[in-house]
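What follows is one structure encoded as structure tokens, with my remarks underneath.
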Amino acid sequence: MRVIGLAGWSGAGKTTLISRLIPELSRRGFSVSTIKHAHHRFDVDYPGKDSYVHRTSGAREVLVASGERFALMHELRGAPEPDLKQLLGLLSPVDFVLVEGYKPEPLAKIEVHRAENGKAFIYPDDSTIIGVATDVPSEVSGRPTFELSDAAGIADCVEKHAMPIEQLLMSLSDRV
């Protein structure tokens with residue numbers, strides 16, 4: 001498994017870019033999984049569903065399965081949020097893991113930047129950013145640069161720069 005992050009300010013287009021990268025990498029014969037960090041509460045089930053009743057009744061984990069998919073919900077119930085290393089360990093093996101968010105983590109990242117957000121570029125102060133996808137490529141220097149819509153070029157960058165998971169896990173362990 002190889003891992004690469006997509007980092008940028010809210011509204012820059014990270015999710016849109018990932019939704020273009022997954023089919024491009026899949027077309028090339030690669031399997032892809034994603035990890036998305038949410039800065040807010042979220043739910044994958046809702047009142048009226050049996051899984052919701054199980055979870056809100058106090059179950060630590062609720063696994064819902066069908067012939068199409070399964071989902072495991074794990075309630076932290078006051079425990080600390082799992083770190084990136086723990087989350088990577090939960091995934092089945094794939095060729096690439098695309099990580100949205102986790103800006104401070106020591107993984108290779110592609111910055112996603114949109115000028116209309118009015119935010120500064122992150123890459124000048126972050127050596128883990130190995131490329132920039134932006135709507136203003138002429139404003140970037142010192143890093144490979146891509147138009148936001150250039151899924152093929154960005155996929156080439158992913159293939160070239162994604163970190164082997166063993167290297168990332170060692171970097172994450174060294175930080176503790």
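The values are calculated or read from the model by the stated rules, or taken from the named source; none is laboratory data. What you are looking at is a predicted structure, and each value in this text was computed from that prediction instead of being measured. All Cβ positions, glycine included, derive from the backbone under ideal geometry; neighbour counts span all protein chains shown.
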Residues 20, 27: which one is over 12 Å from the mean Cα position of the chain (by Cα), surrounded by fewer than 16 Cβ atoms within 10 Å (Cβ to Cβ) and under 16 Å from residue 151 (Cα atoms)?
-> 27
Check region 78-85 and report whether any residue there is in contact (Cβ under 8 Å) with a residue 24 or more places away in the chain and in contact with an Asp or Glu (Cβ under 8 Å, 6 or more places away or on another chain).
-> yes
In region 31-46, anything surrounded by 14 or more Cβ atoms within 10 Å (Cβ to Cβ) and closer than 17 Å to residue 61 by Cα is listed as 45
Of the residues 101, 89, 67, 78, which is modelled with pLDDT of 90 or more and either more than 23 Å from the chain's Cα centre (by Cα) or surrounded by 12 or more Cβ atoms within 10 Å (Cβ to Cβ) (or both)?
-> 67
